[in-house]
Amino acid sequence: MSRFASIAALAAAALLAPVAASAKEKVNLVLNWVPTADHSPYYYAKQQGWYEAAGIDLVIETGKGSGVSAQRVGAGTSEMGISDLATSLLARGKGAKLVAVMAIYANSPQGFYWLKSNGITGPKDFPGKKIGNPPGDASRVMWPAFAKQVGIDPAAVSFVNVSPQAKMPSLKSKAIDITSDFYNEHDLKVREFGDDLGFLAWRNIGINPYGNSIIVNGDFLAKNRDLVKAFTQVSQKAFAACVKDETPCLKALLENVSGLDEANQRDQWKRIKELMRDPTTTSVALGAFDAERVKKDHEMVKTYFGMEQAFDPSEIYTNDFLDTSIKMSGN
């Protein structure tokens, strides 16, 4: 190659380099809470370079509740996020521009925990008691629906602001009487409190809205459909890989997030797989929504909270970006 040709080739390479670098779109994913096992697939896919290969420079941000993540995504300050679907419906009714593209929890993870030694046998004993959870907690947002379902006055309890990490210590010290928490950490509470632990899953009393879902800002979605499709399918692939073998996924999580106990996270992942599994995710696609269930969730939010801005329930979600060849395992 001549000296001129060599210089020309180097110049061409220099011109192409910035184009390749700019091809990756920076995307902020705001979580619903601090990272735990249910977020391990995102860390695993990022570690494997799957998002990067799809042209996505993913930034994972710790969240402060489904309500906050729904607001952030709806306002466009985060392109994507994780939020409880009922909370997302409520936010959409207030004008938030967001669309759910993948259901992580096909079943509601919400539950209430208490100590039987405090004289609580179930929801009928909740009036007059203190419930401890963070202000943005989805169960606090949806509390009126729960209260009406079990036949108590929504105003009959008082809420105490408690961080996620302080829920169990606060319950143990009796600073609070009841706490809400995801089913993910059920085993940790059983080990801590044994037979004294009282528990009620929302799904067992007929309140089973879709739980955590991947949501996308509506404006971002309209302009970046291919990118959203790529993100959704990479995430599907990651969750399917973690369902098959959680070990490398939890390893990726623990390498990026401090203060987590591996045994606890492994227990969590077993519960998460229960929450991910339903007839739709096992037959249509991992992460798929069922239209009738979304309608019921929409009606529940409309009935208990009202909608400042009416919208068709089909507008809150889409299955269009899912890879239907990827399905949730049946066991």
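Any read-out appearing in this document is the output of simple, stated calculations on the displayed coordinates, not a laboratory observation. Keep in mind that what you see is a predicted model, and the values were worked out from it rather than measured. No Cβ is skipped: glycine too gets one built from the backbone with ideal geometry, and neighbour counts run over all protein chains shown.
Structure above, values below:
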{"read-out": "Axial C-alpha extent at least 20 Å, average Kyte-Doolittle at least 0.5 - helices from the chain (DSSP)", "value": "3-22"}
{"read-out": "Inter-label distance, nm, simple model (7 Å from Cα along the C-beta direction), residue 28/residue 292", "value": "4.0 nm"}
{"read-out": "Gyration tensor (alpha-carbon) shape descriptor, the range 110-205, a/c threshold 1.5", "value": "rounded"}
{"read-out": "5 angstrom amide H check on residue 102, placed H, neighbours 5+ away", "value": "214"}
{"read-out": "Rounded to whole Å, sorted largest first: equivalent-ellipsoid semi-axes of the range 162-285, Cα gyration tensor", "value": "31, 19, 16"}
{"read-out": "Convex hull volume per residue in cubic angstrom - Cα atoms of the chain", "value": "146 Å³"}
{"read-out": "Computed helical MRE - 222 nm, the chain, DSSP H runs ≥ 4 contributing -39500 (n - 2.57), nearest 500", "value": "-13000 deg cm²/dmol"}
{"read-out": "Efficiency of FRET from Cβ geometry, residue 222 and residue 191, R₀ 45 Å, rounded to 0.05", "value": "0.45"}
{"read-out": "Relative frequency of Cα-Cα separations exceeding 15 Å in the range 216-284, percent", "value": "65 percent"}
{"read-out": "Amide H within-cut-off set for residue 56, under 5 Å, with H built and near neighbours excluded", "value": "25"}
{"read-out": "Order of 186, 39 - criterion: other Cβ atoms within 10 Å of each residue's Cβ, fewest first", "value": "186, 39"}
{"read-out": "Contour excess over end-to-end distance, with Cα ends at residue 149 and residue 117 and 0.36 nm allotted per residue", "value": "9.0 nm"}
{"read-out": "Stretch gain in nm, segment residue 174-residue 308, where the contour uses 0.36 nm per residue and the Cα spacing is subtracted", "value": "44.4 nm"}
{"read-out": "Whole-angstrom Cα spans of the range 220-331 along principal axes, big to small", "value": "44, 34, 30"}
{"read-out": "Chain lengthening between residue 266 and residue 247 when straightened (0.36 nm per residue, less Cα-Cα)", "value": "6.0 nm"}
{"read-out": "Neighbour-limited loop hits for GluC sites (Glu not before Pro), the range 266-331 (at most 15 other Cβ within 10 Å; DSSP other than H, G, I, E, B)", "value": "308"}
{"read-out": "Antiparallel bridge percentage (DSSP; both residues within the range 110-205; nearest 5)", "value": "60 percent"}
{"read-out": "Hits among aspartates and glutamates - C-alpha to C-alpha of residue 116 under 14 Å, sequence gap 8 or more where chains match", "value": "125, 177, 192, 195, 196"}
{"read-out": "From phi via Karplus (6.51, -1.76, 1.60), per-residue ³J(HN,Hα) for the range 318-331 in Hz, x at Gly/Pro", "value": "8, 9, 5, 9, 7, 8, 6, 7, 9, 10, 6, 5, x, 8"}
